[in-house]
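Worksheet: the structure to be examined is printed underneath.
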Ligand code: CP3
């Protein structure tokens, strides 16, 4: 008869209750979740992955769920529906990260700016364009207005498989301000630039209000169970250098600094879309742990950034629409360039509604090997 070797993994796995204690207990304090390991600066054999806007209209089950709420805002603020929307892509594709289902415009809603999403038109907000308009905001009710989002995070924490990282998020003050000042989406950013360039002190009060609200909002998500945070600065790339420093780097630095004080172990990912040559200054100036790269960032520049922080990105969302060999080659190019350092595979911007879900399956398969 063979005596089982007490030190063999097989023995421990099959016969010992030690196995149960070992499972889920990180060795030497290290994190067992692949996404958190990469965000902490580790290089992994297989990159962890998730996709910006991974929940949404490209999924038929999302479209069914969406019909159950009268408006998109009510959908985001219904913990049951928002939990289900977050879980849908995880169930189908098995990403390493689950991003809380909500929207960056929940913060203006919390501040009392009237926010609506119109079908085919996008978001519409009652505009805030002057110091006088700031008085119409009601930040004292912020906590109660955003509370349903924290409930969604608590439910997700219970529902997610143990290897999946729960990512909370908010828009950066500059990007959120573009929607508040322009009253919706914009091409030229004429109104916000005119206010920021001619009256920086008064515009700075809107940014200050957003910095304070964003800190409370992200901190609340962490207290409810978020394990990593992403700050979306989708319109960072429309500012000249001095204003980029003032309205993108500086407010983000204040948010990251305060979050690091309150929750030192929680990694923060910054996404300054379109920052171009200012990416390195964004990383050093804000103190983010990881940086999400837009589609245009070249691999040489991305590799250099890896000496400063973990990088995330940057497949063109339209490559995911293309699929097939074009996508397979693009994925391989990115992995070959960035796989030797701390790296999270993602898109360079959000999934578009035309994306065939089969192509996300193909991507998942490519990233498994
Ligand atoms: O899956 C996820 O990534 C989580 C959910 C999420 C949404 N929006 C859901 C959403 C996240 C992280 C966002 C971020 C967001 N929202 C950004 C930053 C990222 C980016 O894409 O640049 C911005 C700029 C917004 C603002 C916003 N929300 C716009 C301009 C629109 C209308 C345009 C559009 O894509 O429809 C939205 C609506 C929105 N947010 C939808 C979803 C799934 C579609 C609305 C619907 O389903 O009816």
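The values are calculated or read from the model by the stated rules, or taken from the named source; none is laboratory data. All values derive from a computational prediction rather than experimental measurement. Note: ideal-geometry Cβ built from the backbone for every residue, glycine included; neighbour counts use all protein chains shown.
Evaluated against (1) surrounded by fewer than 20 Cβ atoms within 10 Å (Cβ to Cβ); (2) closer than 21 Å to residue 234 by Cβ; (3) touching a strand residue (DSSP E or B) at 6+ places or on another chain (Cβ under 6 Å), residue 367 falls short on exactly one condition, (2).
Which is within 24 Å of residue 293 (Cα to Cα), assigned to a loop (DSSP other than H, G, I, E, B) and either within 16 Å of the ligand (Cβ to nearest atom) or out of contact with any strand residue (DSSP E or B) (no Cβ under 9 Å at 6 or more places or on another chain) (or both), of 265, 237?
It is 265.
Of all residues in the stretch 115-128, those that are free of Cβ contacts under 8 Å to residues at least 60 places away in the same chain have Cβ atoms under 6 Å from Cβ atoms of residues that are within 10 Å of the ligand (Cβ to nearest atom) and assigned to a loop (DSSP other than H, G, I, E, B), 6 or more apart or on another chain, in 115/105.
Of all residues in the stretch 339-363, those satisfying the criterion of being more than 19 Å from the chain's Cα centre (by Cα) and either within 16 Å of the ligand (Cβ to nearest atom) or touching a residue at least 60 places away in the same chain (Cβ under 8 Å) (or both) are 339, 340, 341, 354, 355, 356, 357, 361, 363. I'd like to check something: does the stretch 314-330 contain any residue that is touching a residue at least 40 places away in the same chain (Cβ under 8 Å) and assigned to a loop (DSSP other than H, G, I, E, B)? So far as the stretch 314-330 goes, no, none of its residues is touching a residue at least 40 places away in the same chain (Cβ under 8 Å) and assigned to a loop (DSSP other than H, G, I, E, B). Taken over the stretch 161-192, the criterion of being more than 17 Å from the chain's Cα centre (by Cα) and closer than 30 Å to residue 91 by Cα is satisfied by 161, 162, 163. Restricting attention to the stretch 153-176, the residues being within 13 Å of residue 238 (Cα to Cα) and either part of a loop (DSSP other than H, G, I, E, B) or away from the ligand (no atom under 11 Å from the Cβ) (or both) number 1. Looking at the stretch 25-137, the helices (runs of 4 or more DSSP H) lying wholly inside it that each contain 3 or more residues that are surrounded by 15 or more Cβ atoms within 10 Å (Cβ to Cβ) and either near the ligand (Cβ under 10 Å from one of its atoms) or at pLDDT 95 or above (or both) sit at 34-39, 60-66, 72-76, 79-93, 106-111.
Might you let me know whether the stretch 187-199 holds any residue that is within 14 Å of the ligand (Cβ to nearest atom) and touching a strand residue (DSSP E or B) at 6+ places or on another chain (Cβ under 6 Å)? No, the stretch 187-199 contains no residue that is within 14 Å of the ligand (Cβ to nearest atom) and touching a strand residue (DSSP E or B) at 6+ places or on another chain (Cβ under 6 Å).
The sole residue among 281, 294, 300 that is in a loop (DSSP other than H, G, I, E, B) and either within 16 Å of the ligand (Cβ to nearest atom) or surrounded by fewer than 22 Cβ atoms within 10 Å (Cβ to Cβ) (or both) is 294.
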